[in-house]
Amino acid sequence: MSEPLRVAVVGSGPAGFYAADALLKSDDPPVEVDVLDRLPTPWGLVRLGVAPDHENIKAVSRAFERTAARPGFRFFGNVEVGSTVSHEELLALYDAVVYTVGAQTDRSLGIPGEDLPGSWPATAFVAWYNGHPDFQHLDFDLSHERAVVVGNGNVAVDCVRMLALTPEELVPTDTTDAAIDAIASSPLREIVMLGRRGPVQAAFTPPELQELGELAGADVVVDPADLELDAASAAALEQDRERAKRNVDLLREFAAHPPAGKPRRVVLRFLASPLAVVGDGKVEAIEVVRNELVEEDGRLVARPTGETEVIPCGLVLRSVGYRGVPLPGVPFDERTAVIPNVAGRVAGASRTYCAGWIKRGPSGVIGTNKKDATETIEHLLADARAGELRARDARDLAEVLREKGADFVEYDGWQAIDAAERAAGEPLGRPRVKLTAWERLLETGRRVASKP
Ligand code: NAP
C-alpha cells in the first residue's frame with residue numbers, strides 16, 4: 001500500500017467531519033486526517049449553534065464520534081489558522097488543506113441604531129445560550145416585555161422559541177444556566193418575528209414553524225390579513241408542494257386558532273422591514289415599514305410602501321444570515337463572503353480545498369454538508385491520484401505546535417471535557433452542563449491530552 005496522503009481539515013463542524021469521513025474511507029490513496037479547530041471542542045454549530053432543545057439534531061455528533069474513532073484520525077483543538085499556525089505552514093506539513101470553517105459572523109442590516117445596546121446579532125445570542133466560550137461575557141438584558149426578532153429563517157425561529165420556552169422546557173437541555181435564569185425570570189410577554197417578505201417566501205422550514213404552535217408557555221399569533229396573498233405569491237404557492245405550502249397551511253391554522261391565554265405570545269408578522277432601531281442610549285423601539293412584493297429579475301422582492309409604524313421593545317435580535325470571514329493567506333471573495341472555489345477546489349491556491357458554508361454560503365441543513373464535503377473530497381482524491389499533491393515535508397503538526405509552545409487539545413482531551421460535562425449534567429437530569437470558560441476547557445482537555 002502506498003504511503004498515506006496527509007490532509008489537514010480546518011474546522012470541526014459538520015462539513016469538517018463529513019470531509020474527514022470521506023477522506024478516511026479512501027483506500028486509493030489511503031489518507032490520514034488531522035482536524036483542527038480554534039476552539040478546544042469539536043462539532044462546530046452542532047455544539048454551539050443548534051438550539052439546546054433540539055437534542056435529536058445534536059445527536060448527529062454520534063456519527064462524528066464514529067469518524068473520530070477511525071484509524072488515521074487526530075483532533076487538534078485550540079489551534080487557529082492565522083495565529084497558531086499559518087496557511088503556508090499547513091501546506092508544508094500536509095499534502096492538502098481543506099477549509100471547513102463555516103461562516104463566523106453575522107450579516108448586518110445597515111440601518112440606524114443597529115448597534116444600540118439591546119440590539120444584538122442573533123449569532124451572538126445563539127452562541128451565548130449555547131455556552132460558546134467567546135460569548136459568555138455578553139450581558140443579555142431580557143428584562144423587557146417585548147422582543148423583536150428580525151428575519152424569517154430557522155435561526156430567527158430558534159431565537160423566538162428559546163425566548164418563549166418555560167423553565168420546565170429549558171431545564172432538561174444543555175442551555176447555559178445564565179441563559180436559563182435570564183429567560184425564565186424575564187417579564188417578556190411578546191416576541192415579534194418580522195419577515196420582510198410574505199409567508200410564501202419565508203425561509204424557515206415547516207417542522208420548525210410547527211414547533212412554535214406547540215410551546216407550553218406561549219401562544220402563536222398570526223394576523224389573517226398577513227396571509228392574504230398577492231397574485232404572484234399565490235401562483236408560486238400553487239407550484240410548491242413542499243416548504244411554502246406546508247408553511248402557509250400551518251400559518252393558516254395558527255391564524256384560525258384563538259390564543260389560549262398563555263403567559264407569552266409569539267407574533268409572526270410579514271411584509272415588514274426594520275427602518276431604524278430607536279432609543280436614547282439603548283433600544284426602546286423599532287421602526288418598521290410595510291412592504292409590498294414586486295418582481296425583480298424573476299424574483300419577488302420586498303419594496304417599502306411608505307406606511308410605517310413604531311413597535312416599542314427593549315430587545316432586538318437581528319437574524320438575517322451568517323457571513324463568512326477571510327482567513328489570512330487564503331483567497332476570499334468579499335462580495336459573496338466565501339472562499340472562491342470550483343466545486344471545492346480553491347481558485348488560485350494549490351493543494352487547498354473548501355467545503356460547507358465557507359464554500360457555498362450559509363444555507364442548508366446539517367446533512368447538506370455531507371454531499372457538499374463529499375464533492376470536495378472526490379476532487380481532492382482525484383488530484384492526489386493525478387499526482388498533483390504530495391508536496392509536504394516530513395514534519396508533524398504536534399511537533400511544530402510543541403516547538404511554538406502552543407497549548408492544544410487532542411481528541412482524548414475533548415473526551416475528558418465531554419465526560420466532565422456529562423458527569424455534571426447527570427445528577428440534574430440534563431444531557432450535560434457545558435464548560436463555558438476557556439481556562440476550564442483547556443485545563444480539563446490538557447489533563448490527559450499533553451503527551452511528551
Ligand atoms: P436564512 O435561512 O438564510 O434566513 C435569513 C432570513 O433573513 C431570510 O428570511 C431573509 O429574508 C432575511 N433577511 C435577510 N436580509 C434581511 C434584511 N435586510 N431585512 C430583513 N430580513 C432580511 O438564514 P438563517 O436563519 O441564519 O439560517 C442559516 C441556515 O441554517 C439555513 O439554511 C437554515 O435553514 C439553517 N438552520 C436550520 C435549522 C434547523 O434545521 N432546525 C436551525 C437553524 C438554522 P429574504 O428571504 O427576504 O432574503
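Brief remarks follow.
- For segment 298-452, the equivalent ellipsoid derived from the alpha-carbon gyration tensor has semi-axes of 36, 31, 16 Å in decreasing order.
- Between helix 243-256 and the chain: long-axis angle, C-alpha atoms, 0 to 90°, nearest 10: 40 degrees
- Taken one residue at a time, the phi angles of segment 227-239 give Karplus couplings (6.51, -1.76, 1.60, θ = phi - 60°) of 9, 6, 8, 6, 4, 5, 5, 4, 5, 4, 5, 4, 7 Hz. Gly and Pro are set to x.
- Globularity ratio of segment 189-318, using Cα Rg and 2.2 N^0.38 Å: 1.10
- Heavy-atom accessible area, probed at 1.4 angstrom with all protein chains present, ranks T368, T352 as T368, T352, highest first.
- For segment 332-416, the Rg and Dmax computed from alpha carbons only, in angstrom: 16.1, 41
- Applying a DSSP loop filter and a limit of 15 other Cβ atoms within 10 Å to the GluC sites (Glu not before Pro) in segment 119-218 leaves E145, E214.
- Over the residues of the chain, the helix contribution to mean residue ellipticity at 222 nm works out to -9500 deg cm²/dmol, using -39500 (n - 2.57) for each DSSP H run of at least 4.
- Accessible surface of E3, taken over heavy atoms with a 1.4 Å probe and every protein chain present, rounds to 120 Å².
- Using a cutoff of 8 angstrom between alpha carbon atoms and counting only pairs six or more residues apart, the relative contact order for segment 364-441 works out to 13 percent.
- Accessible surface of segment 364-418, 1.4 Å probe: 49 percent of it comes from carbon and sulfur atoms.
- Tilt relative to the chain, helix 154-164 - C-alpha long axis, 0 to 90 degrees, to 10: 60 degrees
- A Förster radius of 30 Å, combined with the Cβ-Cβ distance separating S363 from E403, puts the computed FRET efficiency at roughly 0.15.
- For segment 356-367, putting each phi into the Karplus relation 6.51 cos²θ - 1.76 cosθ + 1.60 with θ = phi - 60° gives couplings of x, 4, 6, 8, 10, x, x, 9, x, 9, 3, x Hz, in residue order, rounded to whole numbers and with x for Gly and Pro.
- The loop-placed GluC sites (Glu not before Pro) in segment 277-359, going by DSSP, that have at most 10 neighbouring Cβ atoms within 10 Å of their Cβ come out as E334.
- Note on segment 308-362: Kirkwood hydrodynamic radius from all Cα pairs is 13.2 Å, rounded to one decimal.
- All alpha carbon pair distances within segment 1-50 were sorted into 10 Å bins beginning at 0; the resulting P(r) in whole percents reads 28, 46, 21, 5, 0.
- Compactness of segment 1-128 as Cα Rg over 2.2 N^0.38 Å, two decimals: 1.24
- Taking every DSSP beta bridge that has both ends in segment 148-294, the antiparallel portion is near 30%.
- Exposed trypsin sites (Lys or Arg not before Pro) absent - longest run of the chain, DSSP non-H/G/I/E/B, at most 10 other C-beta within 10 Å: 1-240
- For segment 243-355, the spread of Cα coordinates along the three principal axes comes to 60, 43, 33 Å, biggest extent given first.
- Ligands, DNA and RNA aside, H137 has an accessible area near 140 Å² when probed at 1.4 Å.
- With all pairs of separate Cα atoms included, segment 227-272 yields a Kirkwood hydrodynamic radius of 12.3 Å.
- Cα-based helix-to-principal-axis angle, 14-24 vs the chain, degrees rounded to 10: 30 degrees
- Whole-Å semi-axes of the ellipsoid equivalent to segment 148-265 (Cα gyration tensor, √5λ, descending): 28, 14, 12
- Once the 1.4 Å probe is applied to the protein heavy atoms, segment 310-351 comes out at 44 Å² accessible per residue.
- Computed across the chain, the Kirkwood hydrodynamic radius from all distinct Cα-Cα pairs reaches 23.4 Å.
- Its convex hull of Cα atoms gives segment 81-150 a direction-averaged projected area, equal to a quarter of the hull surface, of 7.1 nm².
The values are calculated or read from the model by the stated rules, or taken from the named source; none is laboratory data. Remember, predicted model here, so these are calculated numbers, not experimental data. So basically every Cβ, Gly included, is an ideal-geometry build from the backbone, and we count neighbours across all protein chains shown. The area values use the complete protein model at the heavy-atom level, side chains included, leaving out ligands, DNA and RNA. Shrake-Rupley method; radii C 1.70, N 1.55, O 1.52, S 1.80 Å.
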